[in-house]
Each structure stands twice: as C-alpha cells, then as structure tokens.
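The values are calculated or read from the model by the stated rules, or taken from the named source; none is laboratory data. Quick caveat: nothing in here was measured; it's all calculated off a predicted structure. Glycine also receives a Cβ, built like all others from the backbone with ideal geometry; neighbour counts cover every protein chain displayed. Please note that ligands, DNA and RNA were not included when accessible areas were found on the heavy atoms of the full protein model with its side chains. Shrake-Rupley method; radii C 1.70, N 1.55, O 1.52, S 1.80 Å.
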Amino acid sequence: MQEKFDALIDGVWDDAGGRYFDLLNPSTGKTLTRVAEGGKDQIDRAVAAARKAQNGAWRSTTPADRGRLLHRVAALILENKDRIARMESLDTGKPLAQAEADCVVAARYFEFFAGIADKIGGVTIPLTLDFLDYTEREPLGVVGQIVPWNYPLQMSARGLAPCLAAGNSIVVKPAEEACLSAIELGRLCKEAGIPAGVVNVVPGYGAEAGAALAAHPNVNLVAFTGSVQTGSTVMQAAAKNVVPVLLELGGKSPNILFEDANLDKALPVVIKCALQNAGQTCSAGSRVLVHRSRQDEVIDRLAGLARNYRVGPGIDNSDMGPVISERQWTRIMGYMDIARDEGAEIVTGGKRPEGADCEGGFFIEPTIFANANPGMRVHDEEIFGPVTTVVPFDTDEEAVKIANATPYGLVTGLWTQDITRAHRLAREISAGQIFVNTYGAGGGVEIPFGGYKKSGFGREKGLEAVNFYSQTKNICIGLA
Ligand code: NAD
C-alpha cells in the first residue's frame, strides 16, 4: 500500500498544502494509509480546472474520440483489476471476490457509455413549411460528484462514465471513510489520455470539501449519492445557485416471497442481497416479506444460510467483511437494542462475532429479526448493516401495503410463479426498480436505476443517465 494518496487537480497530484487524514482499515481498526485532505481551496482550483478544460481541450474532442478514451479507461481498469480490487477490499473491508466483481462492473460502465458517446443526438420537429426546428444535446458543463464509501469504485465509475460521454468535465469528491479506488480511477483516466482538468478527484471531509463542492457557484450539476439527510443539505446548497441535483439516497427494499415462490431459487438470492457488502448497499434487500403459510420455513432456512456466513477480513476472501467504521458499528448495534425494546425477536446474530481474525475490526454477525413489523423503527428505517427483518402477510394487497410502508422506494423483488400477479403488483409498488424472480441483474449497468420517494430522484445507469448529464437546446430557423 502506498504511504499516502494525493488529490488530482488539473492533471497534477496535489498534497492539499500538506494536510493529510488517516484512512483506517475497517477489518483491523488500524491506519491503512494517509490521504490528502482537500478543502475549499482544492475544490475551487479543481472546479476552475474543470471549467477551463470544458471550454478548451474537452470541447474540441470529438464524440468518437471521447468514446475511444472511455474504452481505454475500461481496459485499464481490467488490466489493473487485481491491484485495485486489493486496494478496494482493504479500504472498505469488502470480500476480495466482491471487490474484483466491482472492478468488472466499473469497467462495464466505461464500455457501455463509450458506445453511447457518439450517439447523443437530437431530433427534428415538424412545424410548418416556414420553419426548420431541431434539437441538440449539449453537456451541462462542470459536474460535481459526491460519492459514498460503500462502493467507491463502482459509484465513481457510474457517475464519471455518462458524465464524460456527454462531454462534461467533473470534480469527484469521494468519502473520507473509503476513497482510494476513486483516486485510482482518476489516475487511470489521466493515463488513458483524458485531457488535464477534465477529471479531478478531491478527497476530503464532507462538511468541508463536500459542502464546498455542493455550494460552488461554478458547478452546473451536483450528483450526490449518500444519506437522505446529507442529500437534503446538498440540495439546499445547490438551490442557492439554482443548480440541478441528481440524488441517489437510501432504501429499505423488500423481497416479497409469495406462497408459490420457488424458495430453493429465492432464498440464496434473498440472503445475498441482504448481506452483500455487510448490508451497506443502498439497494440491499433489507426486508423480507413472506406469505404467512411459509413464514416458519423461510425464517429457519434464512437463519441457516446466515449462520453459514464466514465473517472476517475481506482481504482473506471471507463471505462478509466488517462495516465501514466504528461510528457505523455503534449505530447498527444501537438498532439491536431498539429492536429488542420494540419487541422484535433476534433469530440469529445481533452481536460482534468471536474469533481472532475479527479482533479490532468493525464486525457484526449477520442478523435476522422476526416480529419486526411496520411502524417499528427496525422495520421502517434504513439500518445500513447486515440486518434483515422478516414480516408475514396474508394477501397480495397486504404485501403491497407493507412494501410501500416506508419512506423509501428504491428496489423491490417479487418471487412468484404467477406471471399475472407479478405484472399487476409491479405497477402497485412505489419503487424505481422491480425485479421478478431475481434481484440486481449483475450490477445492472444497462438498466435505469434511481429512487421513488425519499430514495431520491433522477436516474443513473442505462441510456437514461445521459438525459441527466446533458441538456436539450432547441433551434428554430425561419424559412419564410
Ligand atoms: P453521507 O451522506 O454522510 O456521505 C456521503 C458523501 O457525502 C460522502 O462523500 C461525504 O463526505 C459527503 N458529505 C457529508 N456531508 C456533506 C455535506 N454537508 N455536504 C456535501 N457532502 C457531504 O452518507 P453515508 O452515511 O456516508 O452513506 C450511507 C448512506 O448513503 C446510506 O443511507 C445509503 O443508503 C446511501 N447510499 C445510497 C446509494 C444509492 O445509490 N442510492 C449508494 C450508496 C449509499
């Protein structure tokens, strides 16, 4: 591991005036490396560099060349996969195999949007013979991207690729808890030949670097992924400059198991999407709704699967690593007490795992709660840890009502053999993505992703993402 990591501003490595913060390894609680602590000054310079590049070298780069550059970034991510995956695993605590999968998904973002860079066109609109009317899609300009710690590489790639394909320049502010792969992605963009200033990466604390980026008057879009509370703060800061925001916030997504669900197929997926990344995934399936006739079987089998999880440092390729920080650990463990006070029953988990390899790290056992019903905090609030609730229902209508009974609306999984029911209920559920007899679609780079309700707005991923990273100009010519 490098001794220290710097910010990337205008194509040059920047030590933030010599200020560094310690980055902890969540599997040991010990310092992993040191990272330049960007603040307002670094953000100002990065935004200025992005503006200069936007009006200069990047503006004159053809769409086809932008596509070629993005393909080169994708290839570099794959060439450096082993190194980046180790870095991501040590930084976030996630299992090495998952960090490797994250690298492949990150490369896919660049491949997918590379193919789109030269297809972002407008339309002609028929008026009368006296006019020629057409539209063009233009870049927004400078994008500020604020990234969370749970998937630093994937999330940075998810924002960078469509942003660059559409011709914008960007300042990325990764999270203070985990940011190495975001900095590394900046390095690969530079190596690929993307002009200086187009991609800037400024690590630092949210309250300082993040707030400076969100409030910057020379930024044209703030793309934020993180908590509802911070998302609202970012939105208020951007509103002062009348700048649009793209918000990807939290979730409390249900997997709904109907009486005819194929449990052999469903349960391994259900447990995986509850516990992936130690439950620190915005789209985690953190609620299981089950038809009452199958409740006992589902609780038994899920508990069995959860107990089989090998918990330990991600770098040892465990099944589940630690949560990101002591602060998150304390927050999640607080929910164990809340759940007990509310009358929920811990079926399995609920404590720190024993074992020498978990000492010093922020580990929590995979946890399943029964009797955790709507209206209870443990059911309604996003815990963002390896915690799942199981709730019974009797009718389809009741399942929909419970599914919709949280402030969130990100993802829902429906498990049934009845195709009519699946289509009907997909329409009744308030969520941005519905899966039927599956969940997640292997990263889902190609399909639009985003929230209903407090899960946010705007869409990342897929062709739709380009709409949020570009703007339409209408041009009308009088021919009379
Ligand atoms: P957070 O909102 O505290 O932090 C996210 C990012 O915002 C970090 O980079 C942080 O430094 C920055 N930040 C913090 N305060 C800021 C401020 N005042 N102004 C500007 N930026 C600021 O969130 P977190 O606790 O680190 O992440 C967990 C949350 O993020 C969960 O609720 C989770 O669901 C959500 N999340 C959502 C998605 C998604 O795609 N929908 C993905 C990952 C995480």
Go through segment 264-316 and report how many residues are within 22 Å of Asp394 (Cα to Cα), hydrophobic (A, V, I, L, M, F, W, C) and not in a helix (DSSP H, G or I). 3
Considering only segment 462-471, I want to know if a residue exists there that is over 20 Å from Gln154 (Cβ atoms), open to solvent by less than 20 Å² (accessible area, probe 1.4 Å) and more than 15 Å from the ligand (Cβ to nearest atom). yes
Residue check, Gly17 against (1) within 23 Å of the chain's Cα centre (by Cα); (2) among the small types (Gly, Ala, Ser); (3) open to solvent by 20 Å² or more (accessible area, probe 1.4 Å), all met but one. Which one? (1)
Which one of these does Ile194 not meet: (1) part of a strand (DSSP E or B); (2) more than 20 Å from Asp41 (Cα to Cα); (3) more than 14 Å from the ligand (Cβ to nearest atom)? (1)
Any residue at all in segment 231-243 that's in contact with a strand residue (DSSP E or B) (Cβ under 8 Å, 6 or more places away or on another chain) and more than 14 Å from the ligand (Cβ to nearest atom)? no
Looking only at segment 357-410, how many residues end up being in contact with a His (Cβ under 7 Å, 6 or more places away or on another chain) and assigned to a loop (DSSP other than H, G, I, E, B)? 2
Helices (runs of 4 or more DSSP H) within segment 6-98 that include 1 or more residues farther than 22 Å from His216 by Cα: 63-79, 81-92
Exclusive hit being out of contact with any strand residue (DSSP E or B) (no Cβ under 9 Å at 6 or more places or on another chain) and crowded, with 24+ Cβ neighbours inside 10 Å, set Leu78, Leu96, Leu90, Leu70: Leu70
Those residues of segment 386-403 that are open to solvent by 10 Å² or more (accessible area, probe 1.4 Å) and in contact with a helix residue (DSSP H, G or I) (Cβ under 8 Å, 6 or more places away or on another chain) come to a total of 4
Would you pick out the residues in segment 120-174 that are within 10 Å of the ligand (Cβ to nearest atom) and either open to solvent by 40 Å² or more (accessible area, probe 1.4 Å) or of a type in the set (Ser, Thr, Tyr) (or both)? Tyr151
Does segment 200-215 contain any residue that is free of Cβ contacts under 8 Å to residues at least 60 places away in the same chain and open to solvent by less than 10 Å² (accessible area, probe 1.4 Å)? no
(1) more than 13 Å from Lys252 (Cα to Cα); (2) open to solvent by 60 Å² or more (accessible area, probe 1.4 Å) all hold for Arg377 apart from (1)
Please determine, by comparing only the residues of segment 253-296 that are in contact with a His (Cβ under 8 Å, 6 or more places away or on another chain) and either open to solvent by 10 Å² or more (accessible area, probe 1.4 Å) or within 16 Å of the ligand (Cβ to nearest atom) (or both), which one is nearest to Val400 (Cα to Cα). Arg287
Which residue out of Ala64, Ala53, Ala75 is under 24 Å from the mean Cα position of the chain (by Cα) and touching a residue at least 12 places away in the same chain (Cβ under 8 Å)? Ala75
Conditions (1) in the same structural domain as Thr230 (by TED's automatic domain parsing); (2) closer than 30 Å to Glu381 by Cβ; (3) part of a strand (DSSP E or B); number of the one not met by Gln471: (2)
Basic (Lys, Arg) and outside any strand (DSSP E or B) - does that describe any residue in segment 442-456? yes
Say we look at segment 305-344 and pick out the residues that are within 16 Å of the ligand (Cβ to nearest atom) and of a type in the set (S, T, N, Q); which of these is most open to solvent (accessible area, probe 1.4 Å)? Thr330
Identity of the residue in segment 429-454, among the hydroxyl-bearing types (Ser, Thr, Tyr) and either more than 30 Å from Lys401 (Cα to Cα) or assigned by TED's automatic domain parsing to the domain that holds Lys272 (or both), that ends up most open to solvent (accessible area, probe 1.4 Å): Thr438
Which listed residue, of Ala426, Ala422, is open to solvent by 10 Å² or more (accessible area, probe 1.4 Å) and either under 24 Å from Val234 (Cα atoms) or out of contact with any helix residue (DSSP H, G or I) (no Cβ under 7 Å at 6 or more places or on another chain) (or both): Ala426
